[in-house]
Amino acid sequence: MNILLTGGAGYIGSHTSLLLIDKGHEVTIVDNLISGNSKLVPKKANFINSDISDEKKIRDLLKKEKFDLIMHFAGLVKVEESLLHPERYKLNNVDKAKTFMKVCMECGLNKIIFSSSAGVYGNTPSMEKVNESSELMPTNPYSKTKHEFEKYLLNLSKEKKIKCIILRYFNVAGADEKKRSGLVAKKSNNLIKSICEVATNKRSNIVINGDDYDTQDGTPVRDFIHVTDLAEMHTIAAENLNKKNSEIYNCGYGEGYSVKQVVLEMEKILNRSLNKEIGRRREGDIPYSVADTTKFKKEFDWNPKYNSLNYILKTALEWEKIFE
Ligand SMILES: NC(=O)c1ccc[n+]([C@@H]2O[C@H](COP(=O)([O-])OP(=O)(O)OC[C@H]3O[C@@H](n4cnc5c(N)ncnc54)[C@H](O)[C@@H]3O)[C@@H](O)[C@H]2O)c1
């Protein structure tokens with residue numbers, strides 16, 4: 001396949017590009033490097049430094065080259081930032097994405113795999129796993145933009161203008177086994193990133209944001225999926241897009257780990273304890289977010305390869321050691 005991939009200089013887009021190239025597909029990346037890093041762009045990918053909403057550049061590209069489908073990763077991704085600047089998130093994740101999609105459709109490119117988020121489910125009332133039909137109640141501006149773009153794509157699909165696969169990611173973590181990519185986000189609030197920074201002496205301590213949630217140990221529970229398994233879910237979705245109707249799939253392992261469990265697992269790997277403190281709850285954090293993953297596994301007879309918290313943490317740590 002020849003794939004047009006937005007956001008390929010970022011964390012998940014670069015891992016997916018690497019896997020697609022490893023499998024023999026061709027990848028053209030469009031990224032404006034607003035939060036990405038050109039070092040993550042695979043050497044064998046064609047890289048275009050552009051905003052997705054630059055109509056001329058995208059149109060010129062699509063006139064020159066024929067793509068089989070789009071993988072749309074580009075976007076702003078920080079929940080806390082979206083609370084401060086909701087308008088930036090609406091502009092980037094919804095308005096610009098619509099402009100991009102409009103140009104693609106005008107040029108006859110109408111198949112898309114979209115990076116959505118478990119954030120669209122919001123705070124589910126019970127401590128149950130969510131499936132693709134669960135109610136959607138996004139609680140912050142970032143998750144609302146994901147929900148809005150999902151609705152836009154599903155409407156286009158109903159009108160038979162496009163075919164889309166929406167992938168709702170849970171907590172993506174870990175790094176490429178060959179250390180070609182990993183998470184580079186600076187001043188990130190990402191739990192595993194912070195733990196790795198403390199483990200490599202780049203940060204002084206881990207802040208556990210709230211230990212008074214109604215969970216087994218009081219800290220929030222999340223479903224962590226290794227980024228390379230998530231990349232593989234994209235390749236499977238792409239390979240099956242022609243055979244399927246537009247669909248939505250959860251991307252997780254269906255297993256929850258609490259923040260304290262994650263810290264403890266890293267302490268076991270390091271065989272020492274890490275500096276940590278209990279901080280305040282973060283606005284919008286929910287106690288429990290775990291995927292029901294039956295749909296993807298059943299439809300594609302898929303089993304993850306890296307379903308181990310220990311492996312996720314080890315690969316993230318190895319990346320943290322080499323990336324300055
Ligand atoms: N990381 C997670 O745990 C997670 C969870 C759920 C959903 N997602 C979604 O997955 C996608 C990728 O996330 P990530 O963690 O790799 O983030 P990231 O910040 O590492 O990557 C996003 C990339 O998009 C690029 N970009 C942003 N706006 C752009 C624009 N207007 N034009 C061109 N390029 C632009 C950035 O430069 C960056 O390289 C996002 O859409 C995000 O919402 C991520």
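Read-outs: derived from the displayed coordinates by stated rules, not from any lab. Just so it is clear, the model here is predicted, and its values are computed rather than measured. Every residue, glycine as well, gets a Cβ built from its backbone with ideal geometry; the counts of neighbours run over all protein chains shown.
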* Structure fact -> Computed ³J(HN,Hα) along the stretch 158-164: with the Karplus parameters 6.51/-1.76/1.60, θ = phi - 60°, integer Hz and x for glycine or proline, the list is 4, 7, 6, 8, 9, 10, 9
* Asked: If we restrict to alpha carbons, what Rg and Dmax does the stretch 112-176 come to, in Å?
  -> 12.9, 39
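Per residue, how much space in cubic angstrom lies within the convex hull of the C-alpha atoms of the stretch 17-112?
Details: hull volume 9.9 nm³, N = 96.
For the stretch 17-112, the hull spanned by Cα atoms encloses 103 Å³ per residue.
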* Rounded to whole Hz and in sequence order, give me ³J(HN,Hα) for the stretch 280-292 from the Karplus expression 6.51 cos²θ - 1.76 cosθ + 1.60, θ = phi - 60°, writing x for Gly and Pro. => 7, 4, 8, 4, x, 5, 10, x, 9, 9, 9, 8, 8
* Taking the Cβ-Cβ separation of Lys268 and Glu159 as r and a Förster radius of 51 Å, what is the calculated FRET efficiency to the nearest 0.05? -> 0.45
* Given Lys90/Lys193; Lys64/Lys178; Lys187/Lys305; Lys64/Lys179; Lys57/Lys151; Lys63/Lys161, which pairs have Cα atoms separated by over 22 Å? -> Lys90/Lys193; Lys64/Lys178; Lys187/Lys305; Lys64/Lys179; Lys57/Lys151
* Asked: How long, wide and thick is the stretch 72-149, going by the Cα atoms along their three principal axes, in whole angstroms, largest first?
  -> 45, 30, 15
* Given H placed 1.01 Å from N in the peptide plane, which residues other than close sequence neighbours of Leu33 have an amide H under 5 Å from its amide H? -> none
* **Directionally averaged projected area (convex hull, Cα atoms, the chain), nm²** => 15.4
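Looking at the chain, what % of its DSSP beta bridges pair antiparallel, to the nearest 5?
Values: 2 of 40 bridges.
So the antiparallel bridges amount to about 5 percent of the total.
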* Asked: In what order do Val207, Val130, Val184 fall by count of nearby beta-carbon atoms within 10 Å, going from fewest to most?
  -> Val207, Val184, Val130
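Return the Rg/Rh ratio of the stretch 138-235 with Cα-based radii and a Kirkwood Rh. Walk me through the intermediate numbers first.
On the way: Rg = 17.5 Å, Rh = 16.6 Å.
Ratio of gyration radius to Kirkwood radius: 1.05.
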* Considering amide H positions built from the backbone, and no H for Pro or chain starts, which residues 5 or more places from Gly122, or on another chain, come under 5 Å of its amide H? -> Met137, Thr139
* Each residue of the stretch 90-107 in turn: what ³J(HN,Hα) in whole Hz from Karplus with 6.51, -1.76, 1.60 and θ = phi - 60°, glycine and Pro shown as x? -> 5, 4, 6, 7, 10, 4, 5, 5, 5, 4, 4, 5, 4, 4, 4, 5, 4, 8
